[in-house]
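For reference, the structure discussed in these notes is given below.
A short reminder: the numbers here are calculations on the coordinates, not readings from a lab. Computed from a predicted model, the values in this text were never measured in an experiment. Note that we place each Cβ from the backbone using ideal geometry, even for glycine, and neighbour counts take in every protein chain shown.
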């Protein structure tokens, strides 16, 4: 029987496989391009490879993965994608930004089970999850073809969840470093001497803070 420690070791040894791109089917490339640009997503490329083959790539703000659509990139029916999922640390702020960008966004909802499973007929209960738990509150919207997007509020990650630490501006990274510096000063006061391994401590603090995990002392 495998232990949690063995599973963690396997994850550490496995080669990284990072989700890079999700292909979505659209009927009108220019209309889809205008929609996602209006949301403030970054246009990475618009490449006309050949007649009938065009690739458009967008990346949502702060996302390590992107979407691709265009001509000749998929045989799926336009609008057939369901349950495409984004996460946000503040569901209200995310909804406001989507509305400002022109998306028709649902009101905030939750599922009676405490987490929305994308199942057909799952009950969408109005309002955020009771007690506003992490993973418990959602909004939904669709692009002009009907491809469905869900946004889930995640404030604290489940233990063991691998998180890619990312800062989307110099100001955001600077704020994280200031918080780490203040916490490290308290750490050195507790241990009573300078910490020669401060780079390791800083790295652990930044990663845990980004993941919403318990911070080092």
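Treating r as the C-beta distance of residue 54 and residue 204 and R0 as 30 Å, the FRET efficiency rounds to 0.10. The slack between residue 34 and residue 171, meaning 0.36 nm per residue of separation minus the straight C-alpha distance, is 46.4 nm. Residues within the reach of a label modelled at residue 20 (point 7 angstrom out along Cα to beta-carbon, backbone nitrogen below 19 Å), restricted to the stretch 33-58, are 42-49, 54-58. For residue 46 and residue 156, the FRET efficiency from 1/(1 + (r/R0)^6), where r spans their Cβ atoms and R0 equals 41 Å, is about 0.65.
Using the Cβ-Cβ distance between residue 85 and residue 184 with R0 = 45 Å, the FRET efficiency computed as 1/(1 + (r/R0)^6) comes to roughly 0.80. Dividing the Cα radius of gyration of the stretch 16-153 by 2.2 N^0.38 Å, with N the residue count, gives 1.09. Centre-to-centre, using Cα atoms only, the stretch 173-217 and the stretch 20-93 are separated by 38 Å. In terms of other Cβ atoms within 10 Å, 39, 215 run from fewest to most in the order 215, 39.
Based only on other Cβ atoms within 10 Å, what is the fewest-to-most ordering of 138, 198?
In increasing order of surrounding Cβ atoms, one gets 198, 138.
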